Each structure stands twice: as structure tokens, then as C-alpha cells.
Amino acid sequence: MNRTIIVTDSTSDIPPAMAEAYGIEVVPLTLMFGEEAFRDNLDMTPEQFYERLPRSSQLPTTSQPSPVEYMNVYRDILERYPGSPILSFHISSGLSGTYQSALLAKSMLEEEGEGITVVDSLSASYGFGFMVVEAARLAAEDKSPEAILEAVESLRQSRKLYFLVDTLEYLQKGGRIGKASAILGTLLNIKPILSIDAEGIIYAVEKVRGRKKAIARMIELFKKDIQGVDKINVAVGHTAEPASGEEFLKELSGHFTLEEKVLTNVGPVVGSHVGNGTLAVFIWPAK
């Protein structure tokens, strides 16, 4: 059987070197600052995005790749690897139209698209990026698409994730909280802890006063989530501030036995809603 090809979109926040090493095809979303358009991670890096974000008077917007763009990606793969099945993993359909766009592209290909499976991750950022990486690892071992999907679904159900938001400005600009709540929360130094539910929707877990207390609370939440698990894999996403990510990894290592450790950026799609200073932590059981 031909090797399965793995496709994802740039919201998976897989470090570019890792995506290249595993042969993962990454389709970029588009970032908009006013009338200016940038392809995520190609025309604008996370470092450039987070440098510009605080200076922007308008909240940047993002748009998913069109069905035609996905169709062209799929066709190119099928031309290079005739007969190979394709697994295409995407950000939660509850957060973006990216999944629907890829699904429409598959249907437009008709018979050509019969070997394509489009997957709604029901997650965001490296909260599904790690699943894509595992899918690519299994594909390299010549596992069948069915075996890969079964393994990935098991990972999805066992993963835990939290986002620590440092500023309320972008939640307010995006309409997730009111202006009065944002002002009061800022005065009280409130740091929301967010997560993603079973339907793939972001929700507030808790609101904690002060960043130090919020970090300690995140660790307590993880302890509660993964009782009985000896070793874990962890990824920490930061907003182009690797030192803050490394510091959190060090803090985690004092509480858990860490097997695989990944440091990555929280990409602009999530970043435009939560802003600079955000920490995103993703944990899943080690084998």
C-alpha cells in the first residue's frame, strides 16, 4: 500500500523544521492587517506578527484557504504520489471555516478525492498539531489510514490543554468580553485561563488574579487532569517569547516526568484573539 500523506493547516502551529522533517504538507491561512494580506508563516512570521499586534489600531483578521487552494494542494500531492491516501487535519470547525473549506475541496475532486479523509480536530494550535505529528510518524511506519486515525482519536481524547491569557484587550476587541469587564479585569490584574471543550469551542475555565498565581493554578489543573499517569509529553506555546515558554517547561518538570518536550509559537490565528504574553500548554500521555 502507498504511504499515507499528511496535510494540515498553519493553525496547527507545528514548528516549520518539524513539519519539514516529517513531510507534513502545511496549507497557510491568510492574515489581514487592514487591507494588507499575509500568508501565515510565509509572508509573516509569528515574531513579526506579535511585534506588530500591539501597534495595530484594528484587530487583525484571518481567512481560511479557499476550497480551490485545498483542491490544488490535494491534486499536486496525487500527481506526486499517485494512489496515496491523504489524511487532512484541521482546526476545530467551531473556531474556523478551514475544515469546511477542505471538505468542499474533497467533494469538488469527485473520484480523485476518494482517497482523501478530512478530519475536524475539535482543537486548535498545537492542541491538534501534536496529533498531526503523530499521524506523520505513523505514516512513516507505513501504518494504514484507519490505524492512524484510530491512534489520533485516542490521543485527542487523552490530551489536556489550557491557555493563560496575559491581557484582556484582545478578548474585548474580539467581542468575547465586554469593555467594562475588560477595564475592571485589567485593574484587578485578572488572568483568564481558557480551554477548548468537546465541541471544539474555547471557554473560560477560571479567572485568577496575577500571572504567577495563574501559572500555579494551571499546574494544579493539570495535576487533577492526569492523575495516575506516570510520564507525559508536553508542548508549550508562547507568543514569540521563547524564554517564557522555557521557564514554564522548567516549572512543569518539577511536578511531572516529561518525556517529549516541544516549544512552539501560538500562531496568529489564536494569537489575534488572546494577544501577546499568552501561554498555551498541551499535555498528552507518553507511550
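Which residues, taken from segment 201-211, are touching a residue at least 60 places away in the same chain (Cβ under 8 Å) and touching a helix residue (DSSP H, G or I) at 6+ places or on another chain (Cβ under 9 Å)?
If the condition is that a residue be touching a residue at least 60 places away in the same chain (Cβ under 8 Å) and touching a helix residue (DSSP H, G or I) at 6+ places or on another chain (Cβ under 9 Å), then I202 is the only one that fits.
On the basis of being assigned by TED's automatic domain parsing to the domain that holds V73 and under 30 Å from V208 (Cβ atoms), does Y126 make the cut? Can you show your working first?
Numbers: assigned by TED's automatic domain parsing to the domain that holds V73: yes; under 30 Å from V208 (Cβ atoms): yes.
Criteria met by Y126.
Among the candidates T239, T257, single out the residue that is on the phi < 0 side of the Ramachandran plot and surrounded by 19 or more Cβ atoms within 10 Å (Cβ to Cβ).
On the way: T257 fails: surrounded by 19 or more Cβ atoms within 10 Å (Cβ to Cβ).
It is T239.
If you check E114 against the conditions, is it farther than 18 Å from R3 by Cβ, surrounded by fewer than 14 Cβ atoms within 10 Å (Cβ to Cβ) and modelled with pLDDT under 95?
Numbers: farther than 18 Å from R3 by Cβ: no; surrounded by fewer than 14 Cβ atoms within 10 Å (Cβ to Cβ): yes; modelled with pLDDT under 95: yes.
Answer is no for this residue.
Which residues, taken from segment 245-274, are within 18 Å of T45 (Cα to Cα) and either under 15 Å from the mean Cα position of the chain (by Cα) or β-branched (V, I, T) (or both)?
Taking segment 245-274 as the starting set, the residues that turn out to be within 18 Å of T45 (Cα to Cα) are 245, 263-274.
Answer for segment 245-274, where residues must be within 18 Å of T45 (Cα to Cα) and either under 15 Å from the mean Cα position of the chain (by Cα) or β-branched (V, I, T) (or both): L263, T264, N265, V266, G267, P268, V269, V270, G271, S272, H273, V274.
Kindly list the number of the only condition in (1) under 19 Å from the mean Cα position of the chain (by Cα); (2) among the charged types (D, E, K, R); (3) within 18 Å of V119 (Cα to Cα) that fails for E20.
(3)
Which of the residues spanning segment 58-115 are over 19 Å from R39 (Cα atoms) and in contact with a Leu (Cβ under 6 Å, 6 or more places away or on another chain)?
S92 - this is the single residue of segment 58-115 that is over 19 Å from R39 (Cα atoms) and in contact with a Leu (Cβ under 6 Å, 6 or more places away or on another chain).
Of all residues in segment 212-221, which are out of contact with any helix residue (DSSP H, G or I) (no Cβ under 9 Å at 6 or more places or on another chain) and either within 12 Å of F163 (Cα to Cα) or aliphatic (A, V, I, L, M) (or both)?
Taking segment 212-221 and keeping what is out of contact with any helix residue (DSSP H, G or I) (no Cβ under 9 Å at 6 or more places or on another chain), we get 212-214, 217, 220-221.
Listed by number, the residues that qualify are A214, R217, L221.
Write out, first by first residue and then by second, each pair whose Cβ atoms fall under 6 Å of each other, whose residues are 6+ apart or on separate chains, and whose first residue, in segment 238-255, is in contact (Cβ under 8 Å) with a residue 60 or more places away in the chain while the second is part of a helix (DSSP H, G or I) and of a type in the set (D, E, K, R).
Between residues of segment 238-255 that are in contact (Cβ under 8 Å) with a residue 60 or more places away in the chain and residues that are part of a helix (DSSP H, G or I) and of a type in the set (D, E, K, R), the close pairs are A240/E47.
May I ask you to list pairs of residues, at least six apart or on different chains, whose Cβ atoms are under 9 Å apart, with the first in segment 95-115 being in a loop (DSSP other than H, G, I, E, B) and the second being at pLDDT 95 or above and β-branched (V, I, T)?
L109/I116
The values are calculated or read from the model by the stated rules, or taken from the named source; none is laboratory data. Just so we're clear, the structure is a prediction, and the values are computed from it rather than from any experiment. Cβ: placed from backbone, ideal geometry, glycine included. Neighbour counts: every protein chain shown.
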